[in-house]
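This report refers to the structure that appears directly beneath it.
The values are calculated or read from the model by the stated rules, or taken from the named source; none is laboratory data. These figures come from a predicted structure and were not determined experimentally. Methodologically, a virtual Cβ is constructed for each residue, glycine included, from the backbone with ideal geometry; neighbour enumeration extends over all protein chains shown.
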Amino acid sequence: MSRLHVLEYPDSRLRLSSRKVTRFDDDLAELIDNMIETLAATQGIALSAPQIDDRRAVLVVDLSGDGSAPQAYVNPEILSKTAWGLVEESCLSLPGVVGNVLRATEVRVRAQDRKGDVFERELMGMEAVCLQHEMDHLVGKLFVDRLSLFQRLRFRALLGRRARRRAA
Ligand code: NI
């Protein structure tokens, strides 16, 4: 296994859409294992393949905080969303940025595992939110795209301050 480089905003590759996985082979298993290792190494709770510059529709979620409970979702699709609320989010591709996003806190998802077997699962709370956040990555969307106008202005101001600091 190896730890992969996580792309950071505003890298344009984060805006590319993923392709459905059709080959459930060793290469896919390696991708998933590397994503799990990368997630544990960065102490994140979720990671999508586009963030490590891979176009396959794969994401991993691990809320344990110590890398002990990774869940991989291949070709995920959401079947239902309920219990909407504002949730504070952050992203490994946007270090230091947090914002409140409207998300369903209960979802039903259908996906495939690394062998291609289909499963369905009910997710609640943070796990449901992570799944939606990572599924956004699969279509080139970032959580900052979902912020209110006020929060987007604050985000732009933060980027401006960082750019000026780099230039100074
Ligand atoms: Ni993210």
The listed residue being away from the ligand (no atom under 12 Å from the Cβ), without any contact (Cβ under 8 Å) to a residue 24 or more places away in the chain and not aromatic (Phe, Trp, Tyr), out of Arg162, Arg103, Arg110: Arg162
Meets criteria (at pLDDT 95 or above and within 16 Å of Val129 (Cα to Cα)) for Pro70: yes
Subset of the range 69-100 [in contact with a Gly (Cβ under 8 Å, 6 or more places away or on another chain), in a strand (DSSP E or B) and within 16 Å of the ligand (Cβ to nearest atom)]: Glu88, Glu89
The one condition in (1) assigned to a strand (DSSP E or B); (2) in contact with a Ser or Thr (Cβ under 7 Å, 6 or more places away or on another chain); (3) aliphatic (A, V, I, L, M) that Ala128 fails to fulfil: (1)
Single condition Ser64 does not satisfy, out of (1) closer than 27 Å to Lys20 by Cβ; (2) polar (S, T, N, Q); (3) not in a helix (DSSP H, G or I): (1)
Of the criteria (1) in contact with a helix residue (DSSP H, G or I) (Cβ under 9 Å, 6 or more places away or on another chain); (2) closer than 30 Å to Leu153 by Cβ; (3) crowded, with 19+ Cβ neighbours inside 10 Å; (4) not β-branched (Val, Ile, Thr), which one Cys130 fails: (1)
